[in-house]
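Heads up: the structure comes next, in C-alpha cells.
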Amino acid sequence: MLTFYNELHAQHRGRHEFFRGALVPCFEKPERADSVLAELGRRGLGRIVTPQGVPLMSLERIHTPRYLHFLRTAWSEWIALDPANAGRDALPSVWPVRSLRHDIEPDNFTARMGLYSMDSGTPLTAGTWTAAKTGADCAVNAAHALRLGERGAFVLSRPPGHHAGKDFFGGYCFLNNAALAAQHMLDDGARKVAILDIDYHHGNGTQSIFYDRSDVLFISIHADPRSDYPFYLGHADERGEGAGHGFNMNLPLAQGSSAHAWFAALETACIRLGSFGADALVVSLGVDTFAGDPLSHFALQSADYLKIGARLAYLNLPTAFIFEGGYAVKELGVNVVNVLEGFET
Ligand code: SP5
Ligand code: ZN
C-alpha cells in the first residue's frame, strides 16, 4: 500500500483549545502523525510518497473560494491586528447563530473567524494553511493513485478533515480530505464513490457536503450526537435530501457501546456499501474508537483494528484510507497500521 505523507503537517501546532472555561493543551498534535509514521517504518508496510502540490482549483471542487481565501490569509491578518499575536493561536469567539446573517462577509477579522467556524476548540496557527494544504495534496494524490490502478492508499496527514464543511472549520479540521479524495475520483471518471466514516465523532462536514447527491454514499458509525461532538448532526433520521435521499446513513451508538455492538454497525454499513455498487471507497479512518482514547467512550482494542481492515478488504474496492482522529498517541501507530495490515493480508 502506498502512503502519502508530507512532513509539513508539523507546521500546524496548536497551543491551546478552549474547554470548560479554560485553555487546555491541544489533543490534535504533530506527535500523532509521528506515532503512525514510526509504526509504518517498523512494519515495513509499503512505500512512503511525498505528494505533488495540487492546484487550488481542486480544493474549489469542495470548498468555497471565499473560505479558501480566508484560510490562506488568516494568519497574516491575525498578526496584523497586533504583533504580539504572533505568539498566540487565533480562536473564534462569536458566531452567527439563528436569526443572524451569513450572506455578508464582515470586514472585522474576529467576525470572519466566527462566520467560518463551528467551535472554539480548533486553533488556527502560523502553519495551519501549509499543513492543511499539503494534507489535501496527499488526499488528492491518493485518489489519483487509485484511479491509476492501486488497490489501497493511505493518507497520513493532519490536521484531520471530516468535520470541515464547504465553508467552515471545526473539530480540529480545516479542509475535508475525504471529500476532496472522493470528488477527485468522480472528476477523473469514477461514477459512484462511497465514504465510510469510522471516526468516533460524526463526520458532519462530509455529510453536509454530499447530502443532496446520489453519486456519493456517506455512511458514518459514531457516538450519539446527543452526548458527543459535533452534537448538532449525526442522527439516524438523516437520510439525505432531494436526489441524495437514501444516500446518507448514520449509525449512532451510545457512549460505552461494546466492540460487539460496533462491529454489528460495521456489518450494517458493509451491506449498504455492497448494494450501492461504488467504483471506489474512501475510509475516514479515525481510531478514537479505541478503549484508551482520552476524548472518547467506545471500547475497541488494538487487535480489533486488524479485523476492521480485513472486513473492508472483503468489499473488494479500491480504497483510500484517510487519517482522521485518535488521541491515544502511544497506541495510535499500532491501531492505524493494524487497519492497513488487516486490509493487505
Ligand atoms: C477529528 C476529531 O476527532 N475531532 C474531534 C473534535 C472533538 N472536539 C471536542 C473535544 C472536547 C475536549 N474534551 C476534553 C475531555 C478531556 N477529558
Ligand atoms: Zn474523532
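Taken one residue at a time, the phi angles of the stretch 234-245 give Karplus couplings (6.51, -1.76, 1.60, θ = phi - 60°) of x, 7, 5, 7, 8, 10, x, 9, x, 4, x, 4 Hz. Gly and Pro are set to x. Counting only DSSP beta bridges with both residues in the stretch 102-228, tell me the antiparallel percent, nearest 5. So the antiparallel bridges amount to about 25 percent of the total.
The mean sequence separation of alpha-carbon pairs under 8 Å and at least six residues apart, normalised by the residue count of the stretch 1-129, gives a relative contact order of 34 percent. What do you get for the angle between helix 177-187 and the principal long axis of the chain? Use alpha-carbon atoms, 0 to 90 degrees, nearest ten. Taking the Cα atoms of the chain, the angle to 177-187 is about 70 degrees. Sorted largest first, the principal axis extents computed over the alpha-carbon atoms of the stretch 1-109 equal 53, 37, 31 Å. For the chain, dividing the convex hull volume of the Cα atoms by the residue count gives 128 Å³ per residue. In straight-distance terms, cross-link reach from LYS166 covers every one of the lysines whose alpha-carbon lies under 24 Å from its own, apart from those fewer than eight places away in the same chain; here that gives LYS29, LYS133, LYS192.
Label zone (SER227, point 7 Å along Cα-to-C-beta; backbone nitrogen cut-off 16 Å) within the stretch 197-214: 200-202.
Each reported figure results from applying straightforward, stated rules to the coordinates on display, with no laboratory input. Note that the coordinates shown come from a computational prediction; the quantities given were computed from them, not determined experimentally. A quick note on method: Cβ atoms are made from the backbone with ideal geometry, for glycine too, and the neighbour counts reach across all protein chains shown.
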